[in-house]
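Derivation of every value follows stated rules applied to the coordinates shown; laboratory data play no part. This structure is a prediction, so every number in the text was calculated from the model and none was measured. As a convention, Cβ positions derive from the backbone with ideal geometry for all residues, glycine included, and neighbour counts pool all protein chains shown.
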Amino acid sequence: MFRQFATLVSPDFLFEAHPFELAWLLEETWRTRLDLKDPNLGISLGDPARRSNLDATPKYTSDGLWPPVSNRLRPIVTPFSSDEGSGPRFPRWDHLIYAYMVENTRMYEVFRRVVYEFAHGEKLGAPTAASQTWLRNTEELFFKDGAPFFITSVASHLRPDLRANRRNPYQRMFGMELNHGGDDGKPYPYVKADAANNDFVSTFEEFLREVWVGMTYVTASSSSNPTDKAKIAVLATKLKNMLMSRRQSGNLSREEFSAVTAMAWFHLTLEYKNNNDSAPIVEALRAEANGTEQRLFKVAERVGLPAHGLSKHFFDIADSISRILIQIETGDYDTAEAAPALYTPQAGDNTPEAAMRRIITHWTAITGRDVKARKVATA
Amino acid sequence: MARRTRPAASAPQVQDTADSQTSSQTGSQTIGGQYPAPCPSPSPDELSAVLVELLRKINSQVPPTPPLEGRALAAVENFQEISAELATLADVSASNFSTSSRRSA
């Protein structure tokens, strides 16, 4: 969410804010989320347009000057107004796959080490004045159990480990584990569910492969066209069904919101900015560099915990795959008629086809499996 | 380790045989192993002009991307709506997204 907030206010305002304000901002985001619950629309609970039926703060807290945020942050919770019109915002958050991809860079573990070192000594030097608020906010929001009753507080006596609390939904939704274990290199312990989408990866790769065929032959005129629109639709529906099965009645929405929020905070810290200015903690660590992954590598070097060498691919795939999976869950590609949107080039870079190209490129790099290669049938 | 080198290129040896007699009749060689005088090489400008013309012809023959309609078009529009709702600083700076674009419930 913080990366979306940063389009409305300066990221510096977020880094400098009081943790109380940031926690309330997240509550307000959940409270005002896109929630199409009109029964006439027939949208089931758990759908991207109706993620949960849980309330954040009680409704009376939304009156008057609530939520308690400073004027600098108020644009985030203020109804939008533009030439096109005005009205309340209905925020949406990224798909859980965003958090999974970004966490694979080992970013969370690297910053955990940063906060740990600053909290326990001066191995990294003394934190600068500007980085003090970032350190406090980070520890308060992402390395504590969270305030009681808050929607992002998913830790409890029953599930006390925040890191394990993210690995569990990753395994349930995608049948995948993070590529790193604990600091000691051993597999990270967490509760694995029996009901998990173990076919997600194979189905998704088949989907990517079929879309790539469509891209290859979209303008073919002098050869046969092996694009199989019906198969693309079948695979999209299969993905939708398995993902939505885990989301029944709004299941996993809080966990998703919490994971996405945490990863976005660290991602924003690293991606801000690419014009030779940096987040306070990056400056404090003397980790300025060009490019999000290069800053991560430098921070990782400072604390002696290597980040993943393919971090750029994880960062670059995260937004595109999040948006495409939200669309798949919405059912946008359930019919063969809609399939061409995935492989037909359109003007601009903000299209499903451009997103699918990015996903195919980076997925191939990350997994080492070339989804552009045709499957070879064996007798 | 000895480096393997490619043998130096040399002009083909033309043998004065029946074969060469035959080929001389087609004009590819002359009796006695002499090649005809080489054609003058085109200048770089001439070459690039030919290439540009060739590319223009090839491009004019590439069929246009088929237009999207119906559900496919709706899917593109919904993707753009979702992208606007999830726009980040990078999106805004890259494409001047309108961050005010929000779906109404």
Per principal axis, descending, Cα span of segment A:156-200 in whole Å: 29, 26, 12
Extreme residue, positive dipole direction of segment A:144-254, given options A:Ala164, A:His180, A:Thr152 (C-beta unit charges): A:Thr152
Calculated [θ] (222 nm, deg cm²/dmol) that DSSP helices of n ≥ 4 give over chain A, each run adding -39,500 (n - 2.57): -15500 deg cm²/dmol
At most 14 other Cβ within 10 Å, DSSP loop - trypsin sites (Lys or Arg not before Pro), segment A:172-246: A:Lys192
Residue with peak Gaussian network fluctuation, chain A [Cα springs, cutoff 10 Å], from A:Ser222, A:Ser320, A:Ser44: A:Ser222
Segment A:301-346-segment A:141-178 distance, computed between alpha-carbon centres (Å): 23
Subset of A:Lys192/A:Lys238; A:Lys186/A:Lys372; A:Lys240/A:Lys312 violating a 30 Å alpha-carbon distance limit: A:Lys186/A:Lys372
nm² value of the averaged projected area, convex hull over the Cα atoms of segment A:185-264: 8.7
Translational diffusion of segment A:236-375, µm² s⁻¹ [Kirkwood Rh, Cα pairs; Stokes-Einstein; 4 °C; 1.567 mPa s]: 74
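Hey, got the dipole for segment A:162-269? About the Cα centre, +1 on K and R Cβ, -1 on D and E Cβ, debye to the nearest 20?
So the dipole magnitude of segment A:162-269 works out to roughly 280 debye.
Given the Cα atoms of segment A:65-105, and with Rh set as the inverse mean 1/r over their pairs in the Kirkwood sense, what is Rg to Rh to two decimals?
Working: Rg = 15.1 Å, Rh = 13.0 Å.
Taking Rh as the inverse mean 1/r over Cα pairs, Rg/Rh reads 1.16.
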Helix A:162-174 vs. chain A, principal-axis angle (Cα, 0 to 90°, nearest 10): 10
Average projection area in nm² (convex hull over Cα atoms of the protein assembly as shown, one quarter of hull surface): 36.4
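Show me the three semi-axes of the equivalent ellipsoid for segment A:115-229, from the C-alpha gyration tensor (sqrt of 5 times each eigenvalue), largest first, rounded to whole Å.
43, 22, 15
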Peptide-level mean, for A:265-272, of C-beta atoms on other protein chains within 10 Å: 1
Potential extension, A:Leu45-A:Ala129 segment - 0.36 nm per residue separation minus Cα distance: 25.7 nm
Averaged over A:334-341, number of beta-carbon atoms from partner chains that fall within 10 Å: 6
Charge dipole magnitude, Cβ of K and R +1, D and E -1 - chain A, Cα centre, debye nearest 20: 640
Range of Cα positions in segment A:1-146 per principal axis (Å), largest first: 60, 34, 31
Chain A: angle of helix A:229-246 to the longest principal axis, Cα-based, in degrees nearest 10: 40
Among A:His18, A:Thr364, A:Ser52 - extreme Cα towards positive end, dipole of chain A, charges at beta-carbon: A:Thr364
Eligible aspartates and glutamates near A:Lys231 by straight Cα distance, threshold 12 Å, same-chain separation 8 or greater: A:Glu206, A:Glu210, A:Asp334, A:Glu337
Residue with peak Gaussian network fluctuation, chain A [Cα springs, cutoff 10 Å], from A:Thr344, A:Thr292, A:Thr269: A:Thr344
Degrees separating the helix A:311-330 axis from the principal Cα axis of chain A, which is the longest one: 60
Longest DSSP-loop-exposure-free segment, GluC sites (Glu not before Pro), chain A, at most 11 other Cβ within 10 Å: A:123-379
